[in-house]
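Here the structure comes first, spelled out in structure tokens, and everything after it is commentary.
The values are calculated or read from the model by the stated rules, or taken from the named source; none is laboratory data. Note that the coordinates shown come from a computational prediction; the quantities given were computed from them, not determined experimentally. Cβ placement follows ideal geometry from the backbone for every residue including glycine, while neighbour counts extend to all protein chains displayed.
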Amino acid sequence: MTEKRRLGSGGPLVSAIGVGAMSFSDMYGPTTEAQSHAVLDAALEAGITHIDTANIYGMGESERVIGSFLKANTSARNAFVLATKAGITRNAAGERCFDNSIEHLEAELDASLRRLGVEAVDLFYVHRRDHDVPIEDVAGGLSLLVEKGKTKAVGFSEIAPASLRLAHAVQPVAAVQSEYSLSVRAPELGLVQTCAELGVALVAFSPVGRSLLTDNPLSFEASQASVFLRENPRFLPPNYERNIAACEPLRQLAAKMGEPTAALAVAWLLAQGDHVLPIPGTRSVDHFRELVRAAHLNLSASDLEAIERALPVGWAHGDRYSTAQWRGPESYC
């Protein structure tokens, strides 16, 4: 049976590993509805129940694809715990900006519900902070969405531990979503600890370093076909070549252990705390099965030490975001 973890204090039990559905859009390269449905079928088969999406993934395409799957598989709605996000938008000039007003968030959630074909989601995140709105006010607005029955719980993405404390004091926060992996260790400087203290799930996206922590990292050409990675410093020369080489010790360790590198990377994350829930994304059923393998690995203390030796803190070349991509996430260290 797939390991279960709590999605926030008092929240539902979900599979320890979830599905990050950004890959159901074109963010990492072209895909099809059939490919996405195949991953969801594989998730049902494997007992993977936590499905995470957002209104901007393919400008609603990810949600629409999940909705069409649920329509064709009516029993899946009860099997899956659905999370979506809103708060990233564009101004009149077409520039990326953030809107945390309750009016905007509720309107976007209503649109998400229509695309998903459900009456409520299990978890609704504010995707990025709008610093013109106090986070306490945002949390208060989110409580109204819970009262209206449009979401069962609320969360925030890429916020600082201090912001989490302020929001949680107004409205219980079920989960904080943050990039966290062997290549991004910043959450260990306060967020991992604060989430554990408050009973908040830490939902870790990009747990395999956007393919770097796998047996088959994206080629440079494939990364440049991605609307996200073509601007990401870790996938631009000379960082790309250096990062591929830097990850080789982890691939060698995984091969020695007889496990997929991706499984080893995700299993390491699972070992960082019972409140840590990785949500890897993929367009491939074969790769999905490698990722799910992580839930069946019981890493010993010596295994964890060997992983840390293979990829010590600070190994990565280049920032995890470009200057433009850093607009929104809160830095706290």
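At-a-glance table
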{"item": "Failed condition for T89, given (1) of a type in the set (S, T, N, Q); (2) surrounded by fewer than 19 Cβ atoms within 10 Å (Cβ to Cβ); (3) touching a Ser or Thr at 6+ places or on another chain (Cβ under 8 Å); (4) under 30 Å from F235 (Cβ atoms)", "result": "(3)"}
{"item": "Helices (runs of 4 or more DSSP H) lying entirely in segment 261-333 (those with 1 or more residues that are touching an Asp or Glu at 6+ places or on another chain (Cβ under 9 Å) and farther than 26 Å from P237 by Cβ)", "result": "261-270, 285-292"}
{"item": "Within segment 122-143, considering residues that are of a type outside the set (V, I, T) and in contact with a Lys or Arg (Cβ under 9 Å, 6 or more places away or on another chain), the one nearest to A76 (Cα to Cα)", "result": "D122"}
{"item": "Hits in segment 192-214 (condition: buried (at least 17 other Cβ atoms within 10 Å of the Cβ) and either charged (D, E, K, R) or in contact with a Lys or Arg (Cβ under 6 Å, 6 or more places away or on another chain) (or both))", "result": "R210"}
{"item": "Residue selected from segment 297-333 under the condition basic (K, R) and within 30 Å of D130 (Cα to Cα), by the criterion modelled with the highest pLDDT", "result": "R320"}
{"item": "Subset of segment 11-36 (residues that are in a helix (DSSP H, G or I) and either surrounded by fewer than 24 Cβ atoms within 10 Å (Cβ to Cβ) or out of contact with any strand residue (DSSP E or B) (no Cβ under 7 Å at 6 or more places or on another chain) (or both))", "result": "M22, S23, F24, E33, A34, Q35, S36"}
{"item": "Condition met for A92 (closer than 22 Å to A174 by Cα and either among the small types (G, A, S) or modelled with pLDDT under 95 (or both))", "result": "no"}
{"item": "Residue in segment 276-287 that is touching a residue at least 24 places away in the same chain (Cβ under 8 Å), out of contact with any Gly (no Cβ under 8 Å at 6 or more places or on another chain) and of a type in the set (D, E, K, R) present", "result": "no"}
{"item": "Residues located in segment 223-235, provided they are crowded, with 18+ Cβ neighbours inside 10 Å and of a type in the set (A, V, I, L, M)", "result": "L229"}
{"item": "Search result, residues across segment 110-121 that are touching a Lys or Arg at 6+ places or on another chain (Cβ under 8 Å), closer than 12 Å to K85 by Cα and surrounded by 19 or more Cβ atoms within 10 Å (Cβ to Cβ)", "result": "L113, V121"}
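Residue-by-condition table, conditions (1) more than 30 Å from D99 (Cα to Cα); (2) crowded, with 17+ Cβ neighbours inside 10 Å:
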| position | (1), (2) |
| --- | --- |
| D274 | yes, no |
| G281 | no, yes |
| E290 | yes, yes |
| N298 | yes, no |
| Q325 | no, no |
